[in-house]
Amino acid sequence: MNIILGPPGTGKTTRLLTLVEEYMEAGVPPDRIGYFSFTRRAAHEAITRAAARFKMTAKDFPYFRTLHSLAYHQLGIGKSSIMTTKHYKEAADWLKIGGFPEAMVLPEGPFVDFGFGDRFLEIINIARICQVPLRDVYNGSSVPLRTDWSRVDYVNRGLEAYKKDNAIYDYTDMLELFLKRDVAPKLDVVLIDEVQDLSPLQWKMVQAIIGKSKIIYIAGDDDQAIYRWAGADVDYFVRLEGDVEVLGQSYRIPSSHHDI
């Protein structure tokens, strides 16, 4: 395993994309290279740069994705089988809990796993992505729910029953199914970006990918880990062993700032 470390602005993503170009120039076909990231932004940047460099299209790079997108792709789940706002409303009405508010939804980041930001959904999914009992998360929450454990358990069991009855999945279901069905692709080169933000469940997914791949690169910076509160397992990243490359020069701060 090759580990690329570096503070903000040192070019970790650029280094990974340069490696993609080097392996393609050496003859590795694009459909044998996997570039996986925590956010859609990084995955899009990788596809755009590689496609432009080799005069290809995004379709030529089927394994340049976020981890959630990879699970969706490998499982062959259609859009009609994914939980939507409509489904959450129906489930809330059926459970008679007044709804799952949408106020905390973020376009990228951990809450994409949490449905619609409701505290019930938050702790339920924290338990799932951290691979710990739901009761432990409920008891240890820094912002306690204004309800008792039996109601949390009721909502959790009810959501699972609703999804099963309607044959639909949420984002965390896709990661769990990816592991259960063992659908990781067989690749020659795998590059994984932003690893400081991965949850225990996502790390299991990464290990499944690594187990079927030949050459591995991971990039991240434990000092940039801001999602511990949402389940990111930074300690797993710190404990990894491999050949380490440290990028020590930041290119993000202009020289005028240094002069000041």
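The values are calculated or read from the model by the stated rules, or taken from the named source; none is laboratory data. Bear in mind the structure is a predicted one, so any value in this text is a computation, not a measurement. Cβ coordinates were reconstructed from backbone atoms using ideal geometry, including for glycine residues, and neighbour counts include every protein chain displayed. With ligands, DNA and RNA removed, areas are computed over all heavy atoms of the protein, side chains included. Shrake-Rupley method; radii C 1.70, N 1.55, O 1.52, S 1.80 Å.
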*Which members of segment 185-209 meet the condition of being more than 19 Å from LEU5 (Cα to Cα) and assigned to a strand (DSSP E or B)?*
LEU187, ASP188
*Between a first residue in segment 235-260 that is in contact (Cβ under 8 Å) with a residue 40 or more places away in the chain and a second residue that is in a helix (DSSP H, G or I), which pairs have beta carbons less than 7 Å apart while being 6 or more apart in sequence or on different chains?*
PHE237/VAL195; PHE237/GLN196; PHE237/ASP222; LEU247/LYS12; LEU247/ARG15
*When you look at ASP182, is it under 18 Å from PHE36 (Cα atoms), in contact with a helix residue (DSSP H, G or I) (Cβ under 8 Å, 6 or more places away or on another chain) and part of a loop (DSSP other than H, G, I, E, B), yes or no?*
yes
*Under the condition of being aromatic (Phe, Trp, Tyr) and in contact with a helix residue (DSSP H, G or I) (Cβ under 7 Å, 6 or more places away or on another chain), which residue from segment 213-233 is most open to solvent (accessible area, probe 1.4 Å)?*
TYR227
*If GLY27 passes every condition in (1) open to solvent by 30 Å² or more (accessible area, probe 1.4 Å); (2) assigned to a loop (DSSP other than H, G, I, E, B); (3) touching a Lys or Arg at 6+ places or on another chain (Cβ under 7 Å) but one, which one does it miss?*
(3)
_Regarding segment 63-76, can at least one residue be identified that is among the charged types (D, E, K, R) and either open to solvent by less than 20 Å² (accessible area, probe 1.4 Å) or at pLDDT below 90 (or both)?_
no
*Looking only at segment 222-260, which residues are farther than 19 Å from ARG15 by Cβ and β-branched (Val, Ile, Thr)?*
ILE226, VAL234, VAL238, ILE260
*Within segment 31-38, can one find any residue that is of a type in the set (Val, Ile, Thr) and free of Cβ contacts under 8 Å to residues at least 60 places away in the same chain?*
no
*Within segment 9-19, can one find any residue that is in contact (Cβ under 8 Å) with a residue 40 or more places away in the chain, outside any helix (DSSP H, G or I), open to solvent by less than 60 Å² (accessible area, probe 1.4 Å) and in contact with a strand residue (DSSP E or B) (Cβ under 6 Å, 6 or more places away or on another chain)?*
no
_Every residue in segment 77-97 that is open to solvent by less than 70 Å² (accessible area, probe 1.4 Å) and part of a loop (DSSP other than H, G, I, E, B), please._
ILE77, GLY78, MET83, THR84, ILE97
